[in-house]
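A short worksheet on the structure shown next.
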Amino acid sequence: MRILSRSILALLALLAVQFGPAPALAADSAPPPQAEQSAVQPRTNAEIRQWYNDQVAAIPALDAQWRQQGVSAENRARRAHAIRHHARVKAREFMPDKAEVQMLRARDQKKYGNPDGPGFEDLVARNREKGLTGDAVYDDIVGSSNRTDRATNEKFGVTPQARAP
């Protein structure tokens, strides 16, 4: 079932981008429709974690399409951030233990200054503090947008799809 779900997700993502470029996204707007295709709502933390990994795993293929369409590095980064951010928020909506969700939100508030994780402008500022300039600032955001926490994945027995180099 998991392989079928991943195959369907990949197929839907590729088909959806064939219909032309997605509109530019603000950092806080919903992701393109192809970023969230799921036949069954995940219920356990392991299923939710797998769902989250599957959502962000679609980003490299989408980025390749956006590059072919001539989308700027900044807009590709905004789109990638929006997909990941939306997946984070949606995954927390799926979680049955709301106290656990509040613990995650408190951790993110402490770590990022936002209970729902880092904002796009925060990532840009962090990359500039690291010395990145120009498109490298945005390429780094895209490149990291599909990387997930290895320890959390291992805790739930989740194997992420292939990661970008």
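Output ³J(HN,Hα) for the range 88-95: one whole-Hz value per residue in order, computed from phi by the Karplus curve 6.51 cos²θ - 1.76 cosθ + 1.60 with θ = phi - 60°, and x for Gly and Pro.
Result, rounded to whole Hz: 4, 5, 5, 4, 5, 5, 6, 5.
Using the Kirkwood radius over C-alpha pairs as Rh, can you work out the diffusion coefficient of the range 44-165 via Stokes-Einstein at 10 °C, viscosity 1.306 mPa s, in µm² per second?
D = 105 µm²/s.
So which lysines can LYS155 reach, going by Cα to Cα under 28 Å and dropping same-chain residues fewer than 8 places off?
Within reach: LYS90, LYS98, LYS110, LYS111.
Calculate one ³J(HN,Hα) per residue across the range 139-151 by plugging θ = phi - 60° into the Karplus curve 6.51 cos²θ - 1.76 cosθ + 1.60, and present them in order as whole Hz with x for glycine and proline.
Karplus values, whole Hz, x for Gly and Pro: 4, 5, 5, 4, x, 8, 5, 10, 8, 10, 5, 4, 4.
Starting from the Cα gyration tensor of the range 108-165, take the square roots of the eigenvalues, sort them a ≥ b ≥ c, and report rounded, prolate or oblate (rounded when a/c is under 1.5, otherwise prolate if a/b is larger than b/c, else oblate).
Oblate is the answer for the range 108-165, as a/c is 1.5 or above yet b/c matches or exceeds a/b.
For the residues VAL124, VAL89, VAL40, what sequence is obtained by ranking on other C-beta atoms within 10 Å, fewest first?
Lowest to highest Cβ neighbour count: VAL40, VAL89, VAL124.
Let me check I've understood the local charge: for LYS98, count other residues with C-beta under 12 angstrom from its C-beta, Lys and Arg +1, Asp and Glu -1. What total comes out?
Local net charge: -1.
Bear in mind that the values in this text are calculations on the coordinates, not laboratory data. These figures come from a predicted structure and were not determined experimentally. Reconstructed Cβ throughout: ideal geometry from the backbone, glycine too, with neighbour counts over all protein chains shown.
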